[in-house]
Amino acid sequence: RRSRAAQAMGHVEPATGALVPPVHLTSTYERAADNSYPRGYVYGRPDNATAREAEAVLAMLEGGAAAMVFGSGMSAATSVFQALEPGAHVVAPTVMYWALRHWLAQESGLAVDFVDTSDPDALRAALRPGATKLVWLETPSNPLWTVSDIAAAAEAAHRAGALLAVDSTVATPILTRPLDLGADLVMHSATKYLNGHSDVIAGALVCARQDAFWARIAGVRAAQGKILGPFEAFLLIRGMRTLDLRVRAQSAGALALARHFAARADLAQVLYPGLASHAGHALAARQMQGGFGGMLSVRVAGGAARAIAAAAHVRLWKRATSLGGVESLIEHRASIEGPDSPCPDDLLRLSVGLESPDDLARDLDAALAAARP
Ligand code: PLP
């Protein structure tokens with residue numbers, strides 16, 4: 001997989017021999033004299049050749065039957081829910097990406113039950129056999145890095161007649177392959193690790209089977225014009241060539257930093273699935289291969305004011321939202337999630353990039369010291 005991704009599936013452009021695929025900017029395609037479209041492309045809203053190249057890499061990385069790219073992670077996720085019948089029953093995690101939780105609760109028109117999906121019994125109890133159409137997981141999930149058991153959720157969802165979809169943005173296909181564990185769909189905010197350079201907003205879905213539900217999602221994407229633009233698809237392909245190396249280095253950096261910060265008395269808690277103290281550690285050790293991901297959170301003793309003060313004093317970390325880029329980001333998470341958020345207000349979310357972990361540790365140590373009352 002690393003080799004195929006590094007070469008973007010070994011693409012060689014037939015007309016010129018170019019190793020880098022062209023950006024297909026066309027919005028429309030020629031119809032043949034016999035009135036057919038022999039090359040399979042009709043119009044740029046349902047489909048695009050550069051998007052298809054990105055999708056081939058994604059399907060390969062996740063071991064799926066097919067992939068679709070979208071203009072954002074949110075548009076990928078909402079397309080799955082919009083492909084359900086209005087009012088359908090779905091189960092989603094209490095702790096998950098906040099904007100999607102808000103959309104599900106306030107705007108989706110679906111009957112959503114939010115449960116602690118890290119507790120398999122709670123998940124099973126929320127399922128209504130025959131009525132529940134979809135179970136949504138995010139693992140590890142924002143911003144506590146809660147780990148949910150994909151294989152157990154797939155079994156329970158399928159027994160109830162529901163599909164399982166997994167937001168695997170933080171795990172990436174390098175560390176976890178949800179389809180191998182029984183999931184039906186994988187979703188990514190490709191804005192994050194897949195692209196990896198903080199210069200594209202993109203989303204992706206990968207399916208286990210190209211069935212009628214997948215066709216409905218494709219219909220949503222086409223009707224609502226949610227496909228990723230060709231230039232962004234080109235940048236995403238370029239990013240995925242180095243995904244394997246970046247994710248492994250970022251995971252190693254995050255583990256080193258989690259261990260370093262765990263020893264600090266002025267941090268009330270370090271949340272990282274790679275630490276034995278994390279509630280999801282044993283499951284993560286089984287479910288994730290090659291690392292625990294590049295995301296961790298720290299809870300600052302002294303509460304919100306001190307957490308915000310510490311973030312104010314960093315020099316190397318960048319104070320910004322998002323994650324998965326090559327530059328490390330620090331964020332007082334409650335400030336962006338708003339008042340209905342379950343995020344503790346003393347929590348700083350850290351996205352570990354590719355800088356030296358020693359430099360990152362020194363910088364945050366100094367910031368915490370400067371924020372001392
Ligand atoms: N899922 C997760 C886990 C995320 O972190 C994000 C964005 O922060 C999204 C989904 C939404 O993705 P996007 O911002 O690309 O719409």
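The values are calculated or read from the model by the stated rules, or taken from the named source; none is laboratory data. Just so you know, these numbers come straight off a predicted model, no measurement behind them. Cβ placement follows ideal geometry from the backbone for every residue including glycine, while neighbour counts extend to all protein chains displayed. Each accessible area value is taken on the protein alone, full model and side chains, heavy atoms only, with ligands, DNA and RNA left out. Shrake-Rupley method; radii C 1.70, N 1.55, O 1.52, S 1.80 Å.
List of remarks:
- Residue among Ala83, Ala92 that alone is open to solvent by less than 60 Å² (accessible area, probe 1.4 Å), in contact with a strand residue (DSSP E or B) (Cβ under 9 Å, 6 or more places away or on another chain) and modelled with pLDDT of 95 or more: Ala92
Residue-wise test of (1) under 29 Å from Leu100 (Cβ atoms); (2) β-branched (Val, Ile, Thr); (3) out of contact with any Lys or Arg (no Cβ under 7 Å at 6 or more places or on another chain).
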site: Leu316; (1), (2), (3): no, no, yes
site: Arg319; (1), (2), (3): yes, no, yes
site: Gly324; (1), (2), (3): yes, no, no
site: Ser335; (1), (2), (3): yes, no, yes
site: Pro342; (1), (2), (3): yes, no, yes
site: Asp345; (1), (2), (3): yes, no, yes
site: Arg349; (1), (2), (3): yes, no, no
site: Val352; (1), (2), (3): yes, yes, yes
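- Residue identified as modelled with pLDDT of 95 or more and within 12 Å of the chain's Cα centre (by Cα) among Leu179, Leu205, Leu164, Leu134: Leu205
- Residues of the range 311-342 satisfying the condition of being at pLDDT below 95 and touching a Ser or Thr at 6+ places or on another chain (Cβ under 9 Å): Arg333, Ala334, Ile336, Pro342
- Beta carbons closer than 7 Å, at least 6 apart along the sequence or on distinct chains, pair a first residue in the range 340-357 that is among the charged types (D, E, K, R) with a second that is outside any strand (DSSP E or B) and surrounded by fewer than 24 Cβ atoms within 10 Å (Cβ to Cβ) for Asp345/Gly303; Asp345/Ala304; Asp345/Ala334; Asp346/Gly303; Asp346/Ala304; Arg349/Arg333; Glu355/Leu316.
- Matching entry among Arg45, Arg101, Arg31, Arg4 (being open to solvent by 30 Å² or more (accessible area, probe 1.4 Å), of a type in the set (Lys, Arg) and either part of a helix (DSSP H, G or I) or closer than 28 Å to Asp244 by Cα (or both)): Arg4
- Residues in the range 247-267 that are open to solvent by 10 Å² or more (accessible area, probe 1.4 Å) and at pLDDT 95 or above: Arg248, Ala249, Ala252, Leu255, Ala256, Arg259, His260, Ala262.
- Filtered by the rule that a residue be charged (D, E, K, R) and either in contact (Cβ under 8 Å) with a residue 24 or more places away in the chain or touching a helix residue (DSSP H, G or I) at 6+ places or on another chain (Cβ under 7 Å) (or both), the range 1-45 gives Arg1, Arg2, Arg4, Arg45.
- Meets criteria (open to solvent by 20 Å² or more (accessible area, probe 1.4 Å) and within 18 Å of Ala367 (Cβ to Cβ)) for Ala301: yes
- Residues (under 18 Å from Val300 (Cα atoms), part of a loop (DSSP other than H, G, I, E, B) and in contact with a helix residue (DSSP H, G or I) (Cβ under 7 Å, 6 or more places away or on another chain)) located in the range 353-372: Ala371
- Filter result for Pro143 (assigned to a helix (DSSP H, G or I) and under 14 Å from the mean Cα position of the chain (by Cα)): no
- In the range 320-347, residue surrounded by the most Cβ atoms within 10 Å (Cβ to Cβ) [restricted to those that are away from the ligand (no atom under 16 Å from the Cβ) and either under 15 Å from Leu368 (Cβ atoms) or of a type outside the set (Val, Ile, Thr) (or both)]: Asp346
- Scanning the range 104-136 for residues being within 16 Å of the ligand (Cβ to nearest atom), open to solvent by 30 Å² or more (accessible area, probe 1.4 Å) and either touching a Gly at 6+ places or on another chain (Cβ under 8 Å) or more than 22 Å from Cys343 (Cα to Cα) (or both) gives a total of 1.
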